[in-house]
Amino acid sequence: MINEVTEVKNYLDGRCVNKKNLYRICCLLAKWHKEQGLSHAEIRAAIFAWAKSYRIYIKYNLNSIIYRAMEDKSGLRDDITVRVSSGDIAEINSRFDSRGTKLTALAMLCYAKAYADGEKSFDIPVASLSAWVNIDKGNLSGRHIRELLDFGYISKALPPENGYVWNSGGDKSRYRMCAEVQNIGEYELRDNNIQELYAEAFG
């Protein structure tokens, strides 16, 4: 979810495909194929061929997604280094006990280190976060994110005036990190593998 190129390559190989996250997946695939120089029709054919090979039903208006990808001037994000410190881990441990909440806190911290603005605020699609941490979306929102809010690790933030995350499927939420956000530390997120980072950092 941090490195979008790695994320897309996994999807192309049929790995990490969560059907509840399919809107974002289609958006990223459309951008990927656009960057390979494919036309509108070729992108549509390529995505449907991919879906057929993995027996995936696309319920969205794919042409609309392709139009948005073609209009999006930003490229897929790559080569982003995210580091986590022992101080970051101690801060999470001081606030939370359950693995699921700690994992959610770690994922949000990594995302904030990569994409938060100067106010430490960031937009994140809940379905994509759910797929990344492998926690059911309802459980993630109703329990783990709520716990992060209640115990002051994050707070809700107002959306930017022109803010719409077009590859989120409309389920984005905006939060502000209350904890420190410095991209330093002895642990590194590699290939978006948040579970591996969690195991390494929390032991």
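The values are calculated or read from the model by the stated rules, or taken from the named source; none is laboratory data. In this text, all values refer to a predicted model and were calculated from it rather than measured experimentally. All Cβ positions, glycine included, derive from the backbone under ideal geometry; neighbour counts span all protein chains shown.
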Somewhere in the stretch 92-99, is a residue outside the structural domain of Tyr115 (by TED's automatic domain parsing) and of a type in the set (A, V, I, L, M)?
no
Please give the number of the condition Tyr115 fails out of (1) of a type in the set (Phe, Trp, Tyr); (2) within 28 Å of Leu12 (Cβ to Cβ); (3) modelled with pLDDT of 95 or more.
(3)
Conditions (1) over 20 Å from Tyr23 (Cα atoms); (2) touching a residue at least 40 places away in the same chain (Cβ under 8 Å); (3) among the polar types (S, T, N, Q): number failed by Ser155:
(2)
Among the candidates Ser94, Ser98, Ser64, which residue alone is surrounded by fewer than 21 Cβ atoms within 10 Å (Cβ to Cβ) and in contact with a Lys or Arg (Cβ under 9 Å, 6 or more places away or on another chain)?
Ser98
For the stretch 7-121, please list each of the helices (runs of 4 or more DSSP H) lying entirely inside it that holds at least 2 residues being over 19 Å from the mean Cα position of the chain (by Cα) and farther than 16 Å from Val133 by Cβ.
22-35, 40-53, 62-71, 86-95
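Are any residues in the stretch 29-45 aliphatic (A, V, I, L, M) and within 12 Å of Val8 (Cβ to Cβ), and if so, which ones?
In the first step, residues of the stretch 29-45 are kept if they are aliphatic (A, V, I, L, M); the result is 29-30, 38, 41, 43, 45.
Within the stretch 29-45, Leu29, Ala30 meet the criteria.
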